[in-house]
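Chemist: Take a look at the following structure, please.
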Amino acid sequence: MGHLLPIPIPIPIPISTPIPLLLLMLGVVRPVLARFDEQATACESLEINHIADFRRLENCTHVVGHVRLAYVDLTPLAGNYSFESLATNVTEISDYLMVYRCTGLISLQSIFPRLRIIRGRSLLFDEYGLVVYENRNLWEVGLVELLRIQKGSIRIESNPQLCFVETVDWVYLMGNSTQQHFSLKHNRPPSQCPLCGSLTAEYDIEKNSSEKCWNVNTPQLRLRPPRTEDCPKACGQNGCDKAGKCCDRNCVTGCYSQNCSLCSNLQGKTGCVNQCIGSYEINKRKCISVRECRDLGRIPLITGCQCVKKCPGNQKEVPDAKGLLHCQVDCKGDFHIKSASDLEDLQDCMTINGSLTIELTNIKEKIVEALEHALVSVKEITGYLKVIHSAQLMSLTFLQNLDAIRGDKLVENKYALYVVNNFHLEHIWPPNHQVIIQRGMLFFHLNPRLCYEKIHQLQSSLKSGENISVADVSPNSNGERVICGDGVRSLAPKVEDLNSTAVRIILDYMDWEGMETLIGYSYYYKEAPLQNVTMYDGRHGCGHDNWLMDVSPNKSRRHVISGLKPYTQYAYFVKTLTRTEYHIQMDAYSKIGYFQTLPDRPSPVSRIFGNSETSSQIVVNWWPPKRPNGIITKYIVLSEKHNSTKEQKDKNYLSSESSNTKDLDCECVDAQPYDSGPQPDDEDYYNKEQITYEDALPNLIYVSRYHKNRRNEFEKVMDYEHLLSLKKEDEPPTPAPTTPAPTNESIAKEKQAALTYERYRLRSEKKQRNLQDLDQEKYKILHAPPKCQNPRASVVQQVEDKCIAEEPLDGIEVRANQHSYTFNQLEPETTYRITVRACVEGVVNGCSTPAEYLIKTASPEFEGYIQGV
């Protein structure tokens, strides 16, 4: 792929200059293709606020970072400079480009005449790759060699003089058009702007697709594959070569990645790649070998496979025997973690040469995931580990790879593991994981949800062999708020039924002792794309939990969780809500289970954009639904004539906005964030257990009395004489044998007594089971009726047969991986209503509601004028 030769750079022009004259001055000479093979020179992110800052772009061809032009005054009176002096050789920007409130700037072509790609590795506001905003003198964007904006949305707004915005094919520039969007608002109306090539008679429409342009004389470069027709379906819109081999989308400047001159991600030895394997990334654009990295005077960084100028912040340079520098993580000292910002120095640490104290002071901070990410590599702590006053923590499983605490330094010269005053802490290490404490003892106090038995299991971890004392680990201040020991049972939940948005979970019957203290159940669930979830992943004791929670304060063994996302896999587990009595303590948990909801109709396609390039043709692009709710198998597109209003007929530009399009800055968020229950700033949060308890109190009083009476009855039944009196036959009571020697009569009486007790047990168990199976009707889940065998079934037939007739689909089927379509053989100067529907596999009538777009075909005069006919 070639580059533009140096072009005439516009000189400062008065703002009052008429548009046609100005455009002639800007585009007198058409740029042509040529090679640009100067040595690539990388520079870091640039903040340009003054004309003098442009010097930092001298000799820079690749910006490893972003470029922000803001508040730059480029008016003729701003200083002694020429536009020619501002021109740069930048061809790539790895992050984003922002142009904001630059006075006197007429065209970005005067600054970036050779910019070919914006990679979008890091985005402005985590969203935008290109932003051109509030530049009052800007006449055109003018990025004449731009071929790709790999990631990030495009926002060009509030530039009152800006033309040639609608004439750029922004969809073509997007690296992933199904994920990126563009917003073009409050610029100069297209009806007040000139058209592509309108000021030159020798404009060539065939070469470089001149119906799209950056200014009057500069067509947009749109590389075409060798062919697009009769290519394999797997090629999609990328096209193929003459032999039918699919072109590689990763190559921006050609068909194959092997000989590509510009890759969308990274350039390796064998072609374009998505990541460097066995090599090292340099300047966020290329993979090189260790030797090449050393020859450049850089350091190969093993973590992340990068070739860097200097070691990252928490790493130090260490020479080897040959004098070559290596980066070694420097994790030396005592680290005190109070917030997520304190974790930066521990990133990638395998050994902490010192001690670690965790004291999380801000209960509203979502820090659990940050702990999991930052401390995942830690295998050894040479000093002590102290965890204090951290109400957020429910476990220490974020130290999932910790193997040893050496205890070279101890708390109070005695303790290697010091855990005090953590209100929600209920688990220590990951399952089946042991951490060896080579020197020192344990100190656990004021952890009301951490069972003493779990702490005592750490006895085997102490290399000293010294027994854990009651003074160091209190059985009273640890675990006093939860049920521990033999009182903890296992639940076995199962998915009994589900649909696209709800699931019904059923539990085994609870026995008599369990029913004695049972209030209800808590159901925890979260999205789980992979079945690798543990009970403590992302758990946060003070809200901001990654698990959603349903509390069911009743004894029913069935529960329906609703409001789920269609065609989504969830993880779930269940625990009991119980009260404590002096004679019995019980609690129960289940293991992690998984289920996947059924597919459903998708939401409408999120946006449609179209244009008419000729009088008989409309090209339509669309974005997939935000909620596909299943596997999209096809799109149905349809074009129909639309009776235009007078206002629409008077328009002299072609396109109108989609009826369902939302601006990028006001799109609504569909899903609520994952937070189980109220947040810490909710006044009811800390009382939610008490509220649940009080809501169930009337039932508890009844149940308590009921079980008390039943216990008295049970004690009566246990009396041997009373058992005999419950026999169905009218037999006179017989006194108990006075001798221990068994007789046939005594054996018969014992059998009869046992039979009588069994009858009572069965009656009691039936009552207890009925209590857990009440109101089964309210736990039913609705299912969509099946498809009727008769496709023309009437409404009456559908009701009688409990089925649904499949609706006919009018339109043209388009493959699921294709997001554009060209309508041909249309009438000129006619407004058409374009509709697009997305269809999901395995759902009766599984196509979305139509999304509409109104567009007018070009006139023959306009088409002929553009073609020079």
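The values are calculated or read from the model by the stated rules, or taken from the named source; none is laboratory data. All values derive from a computational prediction rather than experimental measurement. No Cβ is skipped: glycine too gets one built from the backbone with ideal geometry, and neighbour counts run over all protein chains shown. Only protein heavy atoms, including side chains, enter the accessible area calculation; ligands, DNA and RNA are left aside. Shrake-Rupley method; radii C 1.70, N 1.55, O 1.52, S 1.80 Å.
Chemist: Checking the conditions here, which among V814, V843 is at pLDDT 90 or above and touching a Leu at 6+ places or on another chain (Cβ under 9 Å)?
Modeler: V843
Chemist: Another question about this same structure. Select, from S590, S639, the only residue that is surrounded by 15 or more Cβ atoms within 10 Å (Cβ to Cβ), under 30 Å from Y523 (Cβ atoms) and modelled with pLDDT of 90 or more.
Modeler: After ruling out the rest, the residue left standing is S590.
Chemist: With respect to E516, is the statement that it is under 17 Å from Q772 (Cα atoms) and surrounded by 20 or more Cβ atoms within 10 Å (Cβ to Cβ) true?
Modeler: yes
Chemist: I've got another one for you. Quick one: L301 ticks every box in (1) under 24 Å from L324 (Cβ atoms); (2) open to solvent by 20 Å² or more (accessible area, probe 1.4 Å); (3) within 29 Å of the chain's Cα centre (by Cα) bar one, so which box is it?
Modeler: In the conditions (1) under 24 Å from L324 (Cβ atoms); (2) open to solvent by 20 Å² or more (accessible area, probe 1.4 Å); (3) within 29 Å of the chain's Cα centre (by Cα), L301 misses (2) alone.
Chemist: Right, another one. State all residues of the stretch 359-389 that are of a type in the set (S, T, Y) and open to solvent by less than 20 Å² (accessible area, probe 1.4 Å); if no residue qualifies, say none.
Modeler: The answer is T382, and nothing else.
Here's the yes/no breakdown for (1) surrounded by 13 or more Cβ atoms within 10 Å (Cβ to Cβ); (2) more than 20 Å from W139 (Cβ to Cβ); (3) at pLDDT below 85:
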residue	(1), (2), (3)
I51	yes, no, no
R55	no, yes, no
V63	yes, yes, no
H66	yes, yes, no
V72	yes, no, no
N80	no, yes, yes
N89	yes, yes, no
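Chemist: Going through V836, V843, V799 one at a time, which residue ends up being assigned to a helix (DSSP H, G or I) and more than 30 Å from M515 (Cβ to Cβ)?
Modeler: Result of the check over V836, V843, V799: V799.
Here's the yes/no breakdown for (1) part of a strand (DSSP E or B); (2) of a type outside the set (A, V, I, L, M); (3) free of Cβ contacts under 8 Å to residues at least 24 places away in the same chain; (4) open to solvent by 40 Å² or more (accessible area, probe 1.4 Å):
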residue: G520; (1), (2), (3), (4): yes, yes, no, no
residue: H540; (1), (2), (3), (4): no, yes, no, no
residue: N546; (1), (2), (3), (4): no, yes, no, no
residue: M549; (1), (2), (3), (4): yes, no, no, yes
residue: S556; (1), (2), (3), (4): no, yes, no, no
residue: Y594; (1), (2), (3), (4): yes, yes, no, yes
residue: P602; (1), (2), (3), (4): no, yes, no, no
residue: N629; (1), (2), (3), (4): no, yes, no, no
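Chemist: Still on this model: Hey, among the residues in the stretch 427-444 that are of a type in the set (F, W, Y) and open to solvent by 10 Å² or more (accessible area, probe 1.4 Å), which one's nearest to the chain's Cα centre (by Cα)?
Modeler: Filtering the stretch 427-444 for residues that are of a type in the set (F, W, Y) and open to solvent by 10 Å² or more (accessible area, probe 1.4 Å), the one nearest to the chain's Cα centre (by Cα) comes out as W429.
Chemist: Search the stretch 605-627 for residues being part of a strand (DSSP E or B) and of a type in the set (D, E, K, R), and hand back the single one that is farthest from R833 (Cα to Cα).
Modeler: Residue satisfying both the conditions and the ranking: E613.
Chemist: Further question: Looking at V290, V318, V273, which is the one that is out of contact with any Phe, Trp or Tyr (no Cβ under 9 Å at 6 or more places or on another chain), over 24 Å from C255 (Cα atoms) and of a type in the set (A, V, I, L, M)?
Modeler: Of V290, V318, V273, the one residue that is out of contact with any Phe, Trp or Tyr (no Cβ under 9 Å at 6 or more places or on another chain), over 24 Å from C255 (Cα atoms) and of a type in the set (A, V, I, L, M) is V318.
Chemist: A further question follows. I'd like the full set of residues that are open to solvent by 100 Å² or more (accessible area, probe 1.4 Å) and hydrophobic (A, V, I, L, M, F, W, C), limited to the stretch 224-238.
Modeler: Those that are open to solvent by 100 Å² or more (accessible area, probe 1.4 Å) and hydrophobic (A, V, I, L, M, F, W, C): none in the stretch 224-238.
Chemist: Return a yes/no flag: does the stretch 758-781 have any residue that is at pLDDT 90 or above, open to solvent by 80 Å² or more (accessible area, probe 1.4 Å) and of a type outside the set (S, T, N, Q).
Modeler: Scanning the stretch 758-781 turns up at least one residue that is at pLDDT 90 or above, open to solvent by 80 Å² or more (accessible area, probe 1.4 Å) and of a type outside the set (S, T, N, Q).
Chemist: Could you grab me the full set of residues in the stretch 304-333 that are within 30 Å of T357 (Cα to Cα) and either among the aliphatic types (A, V, I, L, M) or within 29 Å of the chain's Cα centre (by Cα) (or both)?
Modeler: Step one: of the stretch 304-333, the residues within 30 Å of T357 (Cα to Cα) are 304, 310-318, 326-333.
G304, P312, G313, N314, V318, V329, listed by residue number.
Chemist: Regarding the stretch 738-749, can at least one residue be identified that is in contact with a helix residue (DSSP H, G or I) (Cβ under 7 Å, 6 or more places away or on another chain), modelled with pLDDT of 50 or more and either open to solvent by less than 60 Å² (accessible area, probe 1.4 Å) or within 30 Å of R558 (Cβ to Cβ) (or both)?
Modeler: yes
Chemist: What tally of residues in the stretch 610-627 results from selecting those that are buried (at least 18 other Cβ atoms within 10 Å of the Cβ) and modelled with pLDDT of 90 or more?
Modeler: The total comes to 8.
Chemist: Now, a different point. Go through the stretch 306-360 and tell me which strands (runs of 3 or more DSSP E), entirely inside it, have 1 or more residues that are within 27 Å of Q392 (Cβ to Cβ).
Modeler: 325-329, 335-337, 356-358
Chemist: Let me ask something else. Kindly indicate whether any position in the stretch 81-88 is among the polar types (S, T, N, Q) and in contact with a strand residue (DSSP E or B) (Cβ under 7 Å, 6 or more places away or on another chain).
Modeler: No.
Chemist: Within the stretch 126-135, how many residues are open to solvent by 10 Å² or more (accessible area, probe 1.4 Å), touching a strand residue (DSSP E or B) at 6+ places or on another chain (Cβ under 7 Å) and either assigned to a loop (DSSP other than H, G, I, E, B) or not aromatic (F, W, Y) (or both)?
Modeler: The qualifying residues number 3.
Chemist: Turning to a different aspect of this structure: Limited to the stretch 782-825, what total is found for residues that are out of contact with any helix residue (DSSP H, G or I) (no Cβ under 9 Å at 6 or more places or on another chain), farther than 30 Å from T178 by Cβ, surrounded by 12 or more Cβ atoms within 10 Å (Cβ to Cβ) and among the hydrophobic types (A, V, I, L, M, F, W, C)?
Modeler: Adding up the residues that qualify gives 0.
Chemist: Considering the stretch 363-410 alone, what residues qualify as being more than 20 Å from N353 (Cα to Cα) and among the hydroxyl-bearing types (S, T, Y)?
Modeler: Hits for the stretch 363-410 are S390, S395, T397.
Chemist: Of the residues in the stretch 522-538, how many are part of a strand (DSSP E or B), out of contact with any Ser or Thr (no Cβ under 7 Å at 6 or more places or on another chain) and not hydroxyl-bearing (S, T, Y)?
Modeler: Count: 1.
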